[in-house]
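Enquirer: I have a structure here, written as structure tokens, and I will follow up with some questions on it.
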Amino acid sequence: MQAKLATAALCAFVLLTAAACGGGDEAQLRTDLAAAEEAAQKAAEAAEAAQKAAEEAEGKRKEEEAARKKAKEDADKAEEAKEEAEDAAADAEQKRQDAEAERQRLADEVEKAQQATNRAAATIALDGLQNRPDGAGTGDPTIIPKYRARSTLTTNPALSWGAPATSTSGKWFIEKYTHTSTSAKNELLLYSDVGGPTNVFMRSHADYSSDFDGTTGEPDADGIALASLSGVEDLVKASAFPSASQRVKPFEVNYDPNNPKTPDDATDDIVRIRNGSLQGASGDFHCSPIGGCSVKNRGDNTYALEGGTWTFHPRDKDVKVSQTDGTYMLFGWWKQTTVPAGQISYRTFVGGVGTVDANAFNAERGSATYRGPAIGQYALSHTLVEESSTGSFTAATELHADFTANTISGTIDNFSNSADWSLSLNERTMAGGAIAGGTVDWSIKTEKKSGGTWSGNFLSNDPNYSGGKPEGIRGKFSAAFGDDGQIIGVFGAHKP
């Protein structure tokens, strides 16, 4: 910039000198001088603009340099943060791995403790199953099952069993009873297949048929005896019975609301109560001998017939009444654990009403399949094929009876506690409706061991089963898995 100004001034000086010496045209010289000055001015302006542009460029360069410096600093900080985050992540992963290792160690300890607990429980249960399989109580319980209702349950020793937990499975009504005292905990599981009530002629009813003439179907002259009738208190009604709770009402000889008292009438030497009913059937109640006949209102809409011999005379020989199912199967188990010793005793039981006719059974031919549930108790301890365990189970029974060959065999599988278990009820002969003791094989996974027995009986709604096969089988079984496992159980199976 300064060089360009110096050059312009030198040119102006040369032009002026030339004019002073008389060389050239003065006017031309002045014009040239003006042009030179103008050029110098433009050069100065250009130089100033260039200087400004240079300064601006320098400023931008410095700003870009500062930005690059800051970006580098930020990148360095980011790298440091990344390294710190990676270190923190590595530390967290190590802590996670340490925590997982500790969790696994604790889980292993818990599993070992549980296995030890299971082994101890299985050892106690195994002792009971092997040495006291029929040790709960002093005999099988006495049971009267009902249709979809609580059974009448009596055990020895007598226990005040609470209300059972109930459920159903197909034809079976299931009741689970418990009783706990200071000396023992008792558990009892019961299956029964009592059917629903049906309406039948009174003369054909199981409780009344013996009091009807077998030829005409007319009631016997002395009527239906009530003294030995089970549950009679729930079945009798009459308007003359006392209405107040717990009141005892005596009835005199010749009591008949429809006739005057006539002591000399020989036909009135009984108590007669008209307009009564037995299980809904209309008729009259009679009581003899003379004196002492009374009825007590028990306070629950039932009545006790007291004093003499009470009978009932239905008015219609063709009246129908409700009859409960009189043929059924039942089976179950009873487990008793002493407190505080923890010694366990067991009992399995079967029962039912509806035995088959032995001769008809032996004459039967063909085959049939029976299916139903199995229940029981088991214990496994120190086996190589499965962890130690103990408890109750449910399973499925299938039996195949060959009535021509008089043989039967079956399986029990689908155990609720292990899908790898199955029992083979090996073939056994049958005669007269009874199945003699057969052998049992117990398979766990791929290992099978022999040791155990099974037995059973056929039952039928009709003793002669009317030319068909018996409807059901109930029985018991046991099995041993060497010295380390034991099962006891019961089953009930129907013909589809």
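Enquirer: Just to check your reading of the model, which residue among ALA395, ALA368, ALA360 is small (Gly, Ala, Ser), over 29 Å from ALA120 (Cα atoms) and modelled with pLDDT of 90 or more?
Expert: Working: ALA395 fails: over 29 Å from ALA120 (Cα atoms); ALA360 fails: modelled with pLDDT of 90 or more.
Selected residue: ALA368, the only one of ALA395, ALA368, ALA360 that is small (Gly, Ala, Ser), over 29 Å from ALA120 (Cα atoms) and modelled with pLDDT of 90 or more.
Enquirer: Determine if region 329-344 includes at least one residue that is among the hydroxyl-bearing types (Ser, Thr, Tyr) and at pLDDT below 90.
Expert: no
Enquirer: May I pose another question? Of the residues in region 382-405, how many are of a type in the set (S, T, N, Q), farther than 21 Å from TYR191 by Cα and crowded, with 16+ Cβ neighbours inside 10 Å?
Expert: Of the residues in that region, 4 qualify.
Enquirer: A follow-up question, please. I'm told SER450 meets every condition in (1) hydroxyl-bearing (Ser, Thr, Tyr); (2) part of a loop (DSSP other than H, G, I, E, B); (3) closer than 26 Å to ILE124 by Cβ except one. Can you identify the failing condition by its number?
Expert: Unmet condition: (2).
Enquirer: Checking the condition without any contact (Cβ under 8 Å) to a residue 40 or more places away in the chain and among the aliphatic types (A, V, I, L, M), which residue from ALA122, ALA85, ALA136 passes?
Expert: ALA85
Enquirer: Here is a follow-up. Tally time: how many residues in region 117-147 are part of a helix (DSSP H, G or I) and more than 27 Å from the chain's Cα centre (by Cα)?
Expert: 3
Enquirer: Out of the residues in region 148-161 that are of a type in the set (Val, Ile, Thr) and assigned to a strand (DSSP E or B), state the one that is farthest from the chain's Cα centre (by Cα).
Expert: This residue is THR154.
Let's see how each residue does on (1) surrounded by 12 or more Cβ atoms within 10 Å (Cβ to Cβ); (2) under 30 Å from ILE344 (Cβ atoms); (3) modelled with pLDDT under 85; (4) touching a Gly at 6+ places or on another chain (Cβ under 9 Å):
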| residue | (1), (2), (3), (4) |
| --- | --- |
| ALA206 | no, no, yes, yes |
| GLY214 | no, no, yes, no |
| ALA227 | no, no, yes, no |
| GLY231 | no, no, yes, no |
| GLN246 | no, no, no, yes |
| VAL253 | yes, no, yes, yes |
| ASN259 | yes, no, yes, no |
| ASP269 | yes, no, yes, no |
| GLY276 | yes, no, no, yes |
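Enquirer: Counting only residues that are surrounded by fewer than 20 Cβ atoms within 10 Å (Cβ to Cβ), at pLDDT 85 or above and more than 48 Å from the chain's Cα centre (by Cα), how many does region 287-305 have?
Expert: Residues in region 287-305 being surrounded by fewer than 20 Cβ atoms within 10 Å (Cβ to Cβ), at pLDDT 85 or above and more than 48 Å from the chain's Cα centre (by Cα): 1 in total.
Enquirer: Scanning region 406-443 for residues that are buried (at least 17 other Cβ atoms within 10 Å of the Cβ) and touching a Phe, Trp or Tyr at 6+ places or on another chain (Cβ under 6 Å), which turns out farthest from ALA379 (Cα to Cα)?
Expert: GLY433
Enquirer: Applying the selection to region 405-428, what residues are hydroxyl-bearing (Ser, Thr, Tyr) and modelled with pLDDT under 95?
Expert: SER418
Enquirer: Here's another thing I want to ask about it. Restricting attention to region 56-77, does a residue exist that is within 60 Å of the chain's Cα centre (by Cα) and more than 30 Å from SER389 (Cβ to Cβ)? Give the derivation first.
Expert: So in region 56-77, the residues within 60 Å of the chain's Cα centre (by Cα) come out as none.
Within region 56-77 (the criterion being within 60 Å of the chain's Cα centre (by Cα) and more than 30 Å from SER389 (Cβ to Cβ)), the answer is no, since none of the residues qualifies.
Enquirer: Here is a further query. Mind counting the residues in region 162-176 that are outside any loop (DSSP other than H, G, I, E, B) and either more than 16 Å from the chain's Cα centre (by Cα) or surrounded by fewer than 18 Cβ atoms within 10 Å (Cβ to Cβ) (or both)? Steps first, please.
Expert: Of the residues in region 162-176, the ones outside any loop (DSSP other than H, G, I, E, B) are 165-169, 172-176.
Retained after the next criterion (residues that are either more than 16 Å from the chain's Cα centre (by Cα) or surrounded by fewer than 18 Cβ atoms within 10 Å (Cβ to Cβ) (or both)): 165-169, 176.
Of the residues in region 162-176, 6 are outside any loop (DSSP other than H, G, I, E, B) and either more than 16 Å from the chain's Cα centre (by Cα) or surrounded by fewer than 18 Cβ atoms within 10 Å (Cβ to Cβ) (or both).
Enquirer: Which one of these is among the basic types (Lys, Arg) and at positive phi: LYS445, LYS449, LYS469? Show your work before the answer.
Expert: Numbers: LYS449 fails: at positive phi; LYS469 fails: at positive phi.
Unique residue meeting the criteria: LYS445.
Enquirer: Just for region 444-464: of the residues that are under 19 Å from LEU380 (Cβ atoms) and polar (S, T, N, Q), which one is surrounded by the most Cβ atoms within 10 Å (Cβ to Cβ)?
Expert: SER450
Enquirer: Still on this model: Scan region 433-451 and report the pairs whose first residue is in contact (Cβ under 8 Å) with a residue 40 or more places away in the chain and whose second residue is surrounded by 14 or more Cβ atoms within 10 Å (Cβ to Cβ) and of a type in the set (Phe, Trp, Tyr), with Cβ atoms within less than 7 Å and a gap of 6+ or a chain change.
Expert: From residues that are in contact (Cβ under 8 Å) with a residue 40 or more places away in the chain, the pairs are GLY433/PHE361; GLY433/PHE458; TRP442/PHE481; ILE444/TRP421; ILE444/PHE481.
Enquirer: Which members of region 399-419 meet the condition of being small (Gly, Ala, Ser) and either farther than 19 Å from ASN362 by Cβ or assigned to a strand (DSSP E or B) (or both)?
Expert: Those that are small (Gly, Ala, Ser) and either farther than 19 Å from ASN362 by Cβ or assigned to a strand (DSSP E or B) (or both): ALA401, SER409, GLY410, SER416, SER418, ALA419.
The values are calculated or read from the model by the stated rules, or taken from the named source; none is laboratory data. Just so we're clear, the structure is a prediction, and the values are computed from it rather than from any experiment. In this analysis, Cβ positions are derived from the backbone assuming ideal geometry, glycine residues included, and neighbour counts consider all displayed protein chains.
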